Amino acid sequence: MTLSLDGYFEGLNHDLSWHNVDDEFNKFAIEQLRETGLILFGRRTYQLMEGFWPKAAVDPIRHLKEMPGKDIWVGTSDLALSFIKEDLIDEFRFMINPVVVRGGRRIFEGLNRKLDLELTESRKFYSGNVLLYYRPRRKGEV
């Protein structure tokens, strides 16, 4: 998920023009897609595509998570919140852009509990973007 320094994933009126994208970022994005076995998007995308995915509603997400294969990538904030509430997220990847947006939608809007994360990896890009990898700490972990 791409974020501004002040925690927004999209600006006012769904503005994404502030996303800091260059050749290095595009190459990285393609590498990420090669590691991904499934990409999940939210309600709007589902409604556009449900005629093409007739079995999507009868295949529980937890079953998909437990199947062998590559990673499942959740591509929208609202859907990610649903997964967080069900404790289905194993890793968060936040691409922090060196920009302050000052309005829009924040990444964890609607989360009603504390989310305790542990930084596991980071990567700096020439553009100034920084990719942060976090894993959620499960109950009882220190």
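Between the C-alpha center of the stretch 1-36 and that of the stretch 83-104 there is a gap of 11 Å. Taken one residue at a time, the phi angles of the stretch 133-138 give Karplus couplings (6.51, -1.76, 1.60, θ = phi - 60°) of 9, 10, 10, x, 7, 7 Hz. Gly and Pro are set to x.
Residues Met95, Met1 in ascending order of nearby Cβ atoms (within 10 Å, fewest first): Met1, Met95.
Neighbours of Val101 by Cβ distance under 9 Å: Lys/Arg scored +1, Asp/Glu scored -1, total -2.
The residues packed around Tyr8, meaning those with a beta-carbon under 11 Å from its beta-carbon, carry a net charge of -1 if Lys and Arg are +1 and Asp and Glu are -1.
Among Val130, Val101, rank each residue by its count of other Cβ atoms within 10 Å, from fewest to most, as a rough exposure measure.
Listed from fewest to most nearby Cβ atoms, that is Val130, Val101.
Label separation (Leu117 vs Lys139): 2.2 nm, computed from points 7 Å beyond Cα along the C-beta direction.
With neighbour counts taken as other beta-carbon atoms within 10 Å, the residues Thr36, Thr2, Thr120 rank, fewest first, as Thr120, Thr36, Thr2.
No lab work stands behind these numbers, since they all come straight from the coordinates. Note that the coordinates shown come from a computational prediction; the quantities given were computed from them, not determined experimentally. Virtual Cβ from ideal backbone geometry, glycine too; neighbours counted across all protein chains shown.
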